[in-house]
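So the structure is just underneath, and the comments pick up after that.
Bear in mind that the values in this text are calculations on the coordinates, not laboratory data. Keep in mind the model is a prediction, meaning the values are calculated, not measured. Because the Cβ atoms are built from the backbone with ideal geometry, glycine has one as well, and the counts that use them run over all protein chains shown.
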Amino acid sequence: MGVTALAGVHGIWNGAYLKASAGDLPGALGAIGADWSKWVGRGLRKAGVASPDAAPMPVAYYADCLFRGERMGSEDSVPPTPFGQRLLAAWIEEVRLAEAGAAAVPLAAQGRLTFALRSMTQWFTERFGPQALRIVSATVSELATYFDPESVDARPRARERVAEMLREHRPRVLMAHSLGSVVAYEALCAHPDLGVELFVTLGSPLAMRSVVFDRLLPTPLGRGIKPPGAAVWVNIGDRGDPVAVPKHGISRRFLDVSRDRDTSIHLVDPHLAKNYLRCPELIEEILPYVTG
């Protein structure tokens, strides 16, 4: 497998790599790159493709850019900031309304945020389970730092980490997981000269209108654009992934998405990066770029 053909952008719960390397960023990069290379390699071998190159894959690491005092990768059920709590309420509301349709009564209209959020998280946990709530809450917590106007440097620093990696390695394929799909999308839009032949979003929240979509740069005008730095855009979402919602939302809300693939990668952990990175749908998409 030609590692320089592939590159990644990580999602939530990746502060542990920096902690394990005692704050050494190159160490964190090497560790996460080794994991991503291993997981993709397993998928390739399962597809009958030899992948002898075990070198770490280039992965843009930005978890430290979003750290502002809370534990990186926290699994707490409610985000620690008021802005994060509003985003979580908006997230659950979108899921509720999508499931119940026009007959649903918005919980956010029932009173103060603390009361509404308690009711909303209870509903979400009963419907999807506590693990799904932890995943969504962690995603929202890190999104809140990324989008919070008071965190003036977090967003440009995270985007620049992606741009730096693309400048250095010039990969053919960029795979972006979870929150990383948001950072990668904005980085590719901001730097069209750093183009990739294939942009793959995995378990992406980009289509969550009031949480992510409406906050993107450039601001969507009706439908969002395909990043000018991406020749082909493919989205892959597990139908049970609480972050990859709404189903087929990427192709509905963004222009020129080549494929928006609905699949089932894992029954218990449908959002984990390692499960997306070895899934047959991803391997099928990247195969021409790593063997050609």
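Could you work out the helix-only [θ] at 222 nm for the chain, with each DSSP H run of four or more residues adding -39,500 (n - 2.57) and the total divided by the number of residues, to the nearest 500 deg cm²/dmol?
-14000 deg cm²/dmol
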Can you list the lysines whose alpha carbon sits under 26 Å from that of Lys38, skipping same-chain ones fewer than 8 residues off? Lys19, Lys46, Lys274
Relative to the first principal axis of the alpha-carbon coordinates of the chain, what is the inclination of helix 280-291, with its axis defined by its Cα atoms, in degrees from 0 to 90 and to the nearest 10? 30
By the scheme Lys and Arg +1, Asp and Glu -1, what is the net charge of all other residues having a beta-carbon under 14 Å from that of Arg170? -2
Rank these for me by crowding, Asp153, Asp24, Asp241, going from fewest to most other beta carbons within 10 Å. Asp153, Asp24, Asp241
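With an 8 Å cut-off on Cα pairs and a minimum separation of 6 or more residues, tell me the relative contact order of the chain in percent.
Over the chain, the number comes to 21 percent.
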Proxy reagent accessibility, fewest Cβ within 10 Å first, across Ile92, Ile265: Ile265, Ile92
For Gly224, what residues show an amide H to amide H distance below 5 Å, using hydrogens built from the backbone and excluding near sequence neighbours? Phe254, Leu255
Based on Cβ point charges of +1 for Lys and Arg and -1 for Asp and Glu, what charge dipole magnitude is obtained for the chain about its Cα centre, in debye rounded to the nearest 20? 320
Ascending count of other beta-carbon atoms within 10 Å, so fewest first, for Val232, Val268: Val268, Val232
Find the all-direction average of the projected area of the Cα convex hull for the range 250-292, expressing the result in square nanometres with one decimal place. 3.9
Given the options Pro205, Pro82, Pro228, state which has the largest fluctuation in a GNM of the chain using a 10 Å cut-off (strictly under) for Cα springs. Pro82
Quick query: amide H of Asp260 versus all other amide H atoms, modeled in the peptide plane; which residues come in under 5 Å with a sequence gap of 5 or more or a different chain? Asn235
